[in-house]
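Participant: My questions will all concern the structure given below.
Derivation of every value follows stated rules applied to the coordinates shown; laboratory data play no part. Since the model is a prediction, treat every value here as computed from it, not as a measurement. Positions of Cβ are generated from backbone atoms using ideal geometry, with glycine treated the same way; all protein chains shown enter the neighbour counts.
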Amino acid sequence: MSLPFTRAQFFDILAAYNASFWPFVVALWVVTLGAVVLLIRDRRGAARFLSLVLAIHWAWAGVMYHAAFFSRINPAAWLFAAIFLVQAGLIVWFGVLHTRLQYSPAPSVRHYVAWIFVGYSLLYPAIAWAEGHAYPRLPTFGVPCPTTILTIGLLLAADPPVPSVLTLIPIVWAFIGGSAAFLFGVRTDLMLLAGGIVLIASAISRANFRRVLVWPA
């Protein structure tokens with residue numbers, strides 16, 4: 001695959017992003033952790049707030065990472081920014097305004113897998129550092145890949161039916177962003193690829209389950 005930028009330029013952009021926005025990155029991590037804890041303690045009451053936090057993630061990654069920084073080395077970043085803003089709008093519409101993202105307390109394999117992805121997204125910067133990427137030239141919180149991993153986890157944890165349109169952009173980005181695991185040696189993003197595959201499988205299984213429910217006797 002031929003890219004319009006080099007590996008060094010990619011990590012230079014991450015360094016510039018981290019140097020400019022590290023206070024917000026820390027604040028976003030704290031707020032997200034708090035929202036997840038609230039969800040665990042009071043799933044129904046905290047679902048709308050967590051959806052708002054998730055929408056902020058997508059809008060921030062679209063504007064402050066893709067448009068403000070990544071566009072310096074990749075013209076496609078403008079398209080990525082627009083797509084991320086669309087996802088932010090969809091999350092506001094379905095999750096905040098219409099509360100279509102709700103979470104039940106019943107544990108299941110799906111829930112356990114979902115919370116693995118959520119926990120991984122919160123630990124993402126530490127995992128990238130442990131992998132050998134030195135700060136500030138490493139992906140931290142608020143950039144597209146951990147945002148997508150967090151979203152995949154929450155979509156997996158949400159009570160069905162989850163609006164299918166909410167899954168499309170995270171699935172697409174799971175494979176676009178997940179390519180960094182091979183192109184730039186960011187093995188942390190292997191979990192992003194796994195998340196995309198799991199989300200596809202979950203969407204198919206849920207669709208088949210609904211089809212069985214409405215199948216004529």
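Participant: For the Cα atoms of the chain, what angle does the longest principal axis make with the long axis of helix 43-60, in degrees from 0 to 90, nearest 10?
Facilitator: With both axes taken from Cα atoms, the answer is about 30 degrees.
Participant: Assuming 0.36 nm per residue, please report the length gained on full extension of the stretch Ser20 to Leu52 beyond their Cα-Cα distance.
Facilitator: Net length gain for the segment: 9.2 nm.
Participant: Using a Förster distance of 35 Å, how high is the FRET efficiency between Leu168 and Ala134, based on the Cβ-Cβ distance and rounded to 0.05?
Facilitator: Working: r = 35 Å, r/R0 = 1.00.
Between Leu168 and Ala134 the formula returns 0.50.
Participant: Explain nothing, just the number: dipole magnitude of the chain about its Cα centre with +1 on each Lys and Arg Cβ and -1 on each Asp and Glu Cβ, in debye rounded to the nearest 20.
Facilitator: 440 debye
Participant: Summing -39500 (n - 2.57) over the DSSP H runs of n ≥ 4 in the chain and dividing by its residue number, what mean residue ellipticity at 222 nm do you reach, to the nearest 500 deg cm²/dmol? If you can, show how the numbers build up before the last one.
Facilitator: Numbers: 8 runs with 148 residues, N = 217.
For the chain, the value works out to -23000 deg cm²/dmol.
Participant: Another question, then. Would you mind checking the tilt of helix 109-131 against the longest principal axis of the Cα atoms of the chain, expressed as 0 to 90 degrees and rounded to 10?
Facilitator: 10 degrees
Participant: So, R0 is 25 Å and r is the distance between the beta-carbons of Gln9 and Trp78; what FRET efficiency does that work out to, to 0.05?
Facilitator: 0.90
Participant: Report the per residue volume, in Å³, of the convex hull enclosing the C-alpha atoms of the chain.
Facilitator: Looking at the chain, the number lands at 123 Å³ per residue.
Participant: Arrange Ile56, Ile91 by Cβ neighbour counts within 10 Å, fewest through most, would you?
Facilitator: Ile56, Ile91
Participant: May I pose another question? Under the Karplus relation 6.51 cos²θ - 1.76 cosθ + 1.60, θ = phi - 60°, what is the ordered set of whole-Hz ³J(HN,Hα) values for region 63-74, x standing for Gly and Pro?
Facilitator: 7, 8, 9, 5, 6, 7, 10, 5, 5, 5, 10, 9
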